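Input: a single structure, listed below in C-alpha cells.
The values are calculated or read from the model by the stated rules, or taken from the named source; none is laboratory data. Since the model is a prediction, treat every value here as computed from it, not as a measurement. Neighbour counts run over all protein chains shown; Cβ positions are idealised from the backbone, glycine included.
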Amino acid sequence: MKKETLTIRFLYRTMAGRAILKILTKPFLSKSAGIFLSSGISRWLVPLFIQKHHIDMDDFKGKKFRSFNDFFTRKRADRQIDITPGHLISPCDGYLSAYPVSQNQVYRIKHTEYRLENLLKSQQLAEKYSGGTCLIFRLTPQNYHRYCYVCNGTKTASRTIPGKLHCVRPTAYASFPVFTENSREYTRIHSKQFGDIIQMEIGAMLVGKIHNFPRTGPVFQGMEKGYFEFGGSTILLLVQKGRLRLDCQVINNTKKGLETEVRLGEKVGILKQK
C-alpha cells in the first residue's frame, strides 16, 4: 500500500485542511464533477489517466470511449471467478482489511469506533451481526470499478442512505467516522452457507454515482451487481458470527495495519465448519 499523499494528509490532519473538507465533501461538488466526467469534453483525460496509472488496455484495443466515465466504467471481458460453493469471494479489485465486530455491534479502525446501528440506520439489523466480521474493500481510482455478488443467495432488501462524500483513504477513515457519514447503499443477501450478508457500496470524494442494477430474487456468486463512476470508493461486507473463516494473510495483514490486495472473484474466506 502506498503512503498517503501530502494532499490527503493536509486535508485530514490540519485545521486548514479540515475547513476545506467541509466544502469538498458536499455531494453537489461530486455531482458536478460527475456531469463533467460523463460529457464528451472529458475524453482527453482518458489517455493521460491510462499513462499515469499504467493501466493494461489490451482487451480494449480500438475501442473509442464517449467520455471519461465511459472509459472508467468499462466492462472487462475476461473475469476469473471462483464459483466454489462455500467460498466467499472478493466483490471487486482493491485492498482488503477485516475487523471483528464486538458483541455490542462495534468495530474499530485505529482510534475510530464504528457502530453498526449508525452504519445501517437500524438497531434491529445491527444486532444480527454482533460478534461477526466486517470486511472493507477499498478501491483506488486505477482499479476496475465494476463489482459482483460475493456468494449465491437471495436478495431480500436494499436501502439507500444519503450523506457526505469523504475520501476513503486509510488516513480519512482512521480520523473521521467516514463510513457512517458517506452516501451509501446496501443489499441484504440470504445465503444458505453464510446466513444473512450485508453488501454495502460506499461513495467517496468525486464519485459521481453508485450504480446498482435493479434485481430481486436469486443472485449468484460472481454475478455483476453494479459499478462506481470516477473516484476511489469502498465496498463493505458484514458476515454473521460463526459463519466465515478468513484467509490468514488477510487477518495478519490487518493486525499489522496493512491492506491485502485482492482481485474480483478471488476467494477471501471459506465457510466455517461447525
message = So in segment 25-45, with the set limited to residues that are under 24 Å from ILE202 (Cα atoms), surrounded by 15 or more Cβ atoms within 10 Å (Cβ to Cβ) and among the hydrophobic types (A, V, I, L, M, F, W, C), which one is modelled with the highest pLDDT?
response = LEU37
Members of segment 98-121 found to be of a type in the set (Asp, Glu) and more than 13 Å from CYS134 (Cβ to Cβ), listed by number = GLU117
ask   = Which of the residues spanning segment 177-214 are within 25 Å of GLN124 (Cα to Cα), surrounded by fewer than 22 Cβ atoms within 10 Å (Cβ to Cβ) and at pLDDT below 80?
value = PRO177, THR180, GLU181, SER183
query = If you take the residues of segment 74-94 that are modelled with pLDDT of 95 or more and outside any loop (DSSP other than H, G, I, E, B), which of them is surrounded by the fewest Cβ atoms within 10 Å (Cβ to Cβ)?
reply = HIS87
request  = Provide a single number: the residues in segment 263-274 that are assigned to a loop (DSSP other than H, G, I, E, B) and either of a type in the set (Val, Ile, Thr) or surrounded by fewer than 21 Cβ atoms within 10 Å (Cβ to Cβ) (or both).
outcome  = 6
note = Filtering segment 241-262 down to residues that are crowded, with 17+ Cβ neighbours inside 10 Å and among the basic types (Lys, Arg) yields ARG243
inquiry  = With the structure loaded, tell me whether TYR114 is free of Cβ contacts under 8 Å to residues at least 40 places away in the same chain and either touching a Pro at 6+ places or on another chain (Cβ under 7 Å) or assigned to a helix (DSSP H, G or I) (or both) or whether it fails that test.
reply    = no
inquiry  = Name the residue that is surrounded by the fewest Cβ atoms within 10 Å (Cβ to Cβ), counting only residues in segment 229-240 that are more than 9 Å from the chain's Cα centre (by Cα) and at pLDDT below 95.
reply    = GLU229
